[in-house]
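First the structure, in the form of structure tokens, and then the observations on it.
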Amino acid sequence: MNDLLTVDDVFAGYGDIAILEGVSFRVGQGEAVALLGRNGVGKSTLISTLMGLTDVRSGTVRYRGEDIGKWPSHVRARRGLGLVSQEREIFPSLSVEENLVVATRAGSWTLERIYDLFPRLYERRRNMGNQLSGGEQQMLAIGRALIGNPAVLLLDEPFEGLAPIIVDGLVDAFRRLHQEGELGIVLVEQHAALALELTERATVLDRGRVSWSGDSRDLLAHPEQLSALIGLAEAAA
Ligand SMILES: Nc1ncnc2c1ncn2[C@@H]1O[C@H](COP(=O)(O)OP(=O)(O)O)[C@@H](O)[C@H]1O
Ligand SMILES: [Mg+2]
């Protein structure tokens, strides 16, 4: 498979603080990869590294085969990396529609297509960002990333802190996006079983290193291995 993103033996962190120690990772077009691991192991740091927001000491990050290590994050975004960060980062004093419009880049994702994926955002299009529920904020955060017409979508715990019925709706949207087959998707998720069901491959981090990498199905079929990798509570969640 042609890789969209390829991370090879990356050491990265914040200033002098090393967090990632020799991480390798990849995602191809049409493929969804789960990024798993306990709290604090470096999942968000890896996502930040893909976006050019950490200090990389060694190793390479490639996009469509090209070394993008020197690309600032706004260039990465413009060239096709779409981020939905853990903080969601929507504009509170802009309406839903304005939040989408300011993030628009040319491509197949239009306002109409976002509203088709998330009809709730159409209903709420004139509401301000700060008037939305948590679930609506997350739909808007995903919509904002998509309307930038990325090739890779990076989702950092998109279901976190949301009621189960809201998560179900977002999971349906995720499946739809994945089935369309255009995007490479990286899904960071605490609920390992859910993430493994939604993806083809998985990478597990432990204290800044890759502790397991392989087919999601294989890990899903071996719960004892999963709980050894990420902890019993997380594996059962
Ligand atoms: N901006 C930062 N500056 C310094 N250390 C950070 C920063 N962000 C995260 N860390 C540290 O990096 C480690 C990994 O954090 P993170 O990547 O957020 O883990 P995860 O997403 O897997 O929970 C943690 O020890 C955390 O305290
Ligand atoms: Mg995190």
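The values are calculated or read from the model by the stated rules, or taken from the named source; none is laboratory data. In this text, all values refer to a predicted model and were calculated from it rather than measured experimentally. Don't worry about glycine lacking a Cβ; one is built from the backbone with ideal geometry, like all the others, and counts go over all protein chains shown.
Looking at region 25-42, which of its residues are in a loop (DSSP other than H, G, I, E, B) and buried (at least 22 other Cβ atoms within 10 Å of the Cβ)?
Across region 25-42, the qualifying residues are G37, G42.
May I ask you to verify whether V61 is assigned to a strand (DSSP E or B), touching an Asp or Glu at 6+ places or on another chain (Cβ under 8 Å) and β-branched (V, I, T)?
Against the criterion (assigned to a strand (DSSP E or B), touching an Asp or Glu at 6+ places or on another chain (Cβ under 8 Å) and β-branched (V, I, T)), V61 qualifies.
Out of the residues in region 10-30 meeting the condition of being within 15 Å of Y63 (Cα to Cα) and without any contact (Cβ under 8 Å) to a residue 60 or more places away in the chain, tell me which one is farthest from the chain's Cα centre (by Cα).
V10
Mind checking which residues of region 87-139 are without any contact (Cβ under 8 Å) to a residue 60 or more places away in the chain, of a type in the set (A, V, I, L, M) and assigned to a helix (DSSP H, G or I)?
Result: V96, L100, V101, V102, L111, I114, L121, M139.
Mind listing just one residue for me: the one in region 156-171 that is touching a Ser or Thr at 6+ places or on another chain (Cβ under 9 Å) and touching a residue at least 60 places away in the same chain (Cβ under 8 Å) and, of those, surrounded by the fewest Cβ atoms within 10 Å (Cβ to Cβ)?
E157
Select from region 47-73 the residues that are under 19 Å from R88 (Cβ atoms), in contact with a Ser or Thr (Cβ under 9 Å, 6 or more places away or on another chain) and not polar (S, T, N, Q) and write down the one among them that is nearest to ligand 2 (Cβ to nearest atom).
I47
Which ones in region 154-184 are closer than 20 Å to R120 by Cα and part of a loop (DSSP other than H, G, I, E, B)?
Within region 154-184, P158, F159, E160, G161, L162, A163 meet the criteria.
Taking the conditions exactly as written (in contact (Cβ under 8 Å) with a residue 12 or more places away in the chain, out of contact with any Asp or Glu (no Cβ under 8 Å at 6 or more places or on another chain), charged (D, E, K, R) and outside the structural domain of M51 (by TED's automatic domain parsing)), does R144 satisfy them or not?
yes
Does any residue of region 15-24 turn out to be more than 14 Å from ligand 1 (Cβ to nearest atom), of a type in the set (S, T, Y), surrounded by fewer than 21 Cβ atoms within 10 Å (Cβ to Cβ) and closer than 23 Å to A195 by Cβ?
yes
The conditions are (1) in contact (Cβ under 8 Å) with a residue 60 or more places away in the chain; (2) of a type outside the set (D, E, K, R); (3) more than 16 Å from ligand 1 (Cβ to nearest atom), and L50 fails exactly one of them. Which is it?
Unmet condition: (3).
So which of V41, V84, V23 ends up being closer than 24 Å to E180 by Cα and within 16 Å of ligand 2 (Cβ to nearest atom)?
V84
Give me a count of the residues in region 48-66 that are loosely packed, with under 14 Cβ neighbours inside 10 Å and under 22 Å from G208 (Cβ atoms).
2
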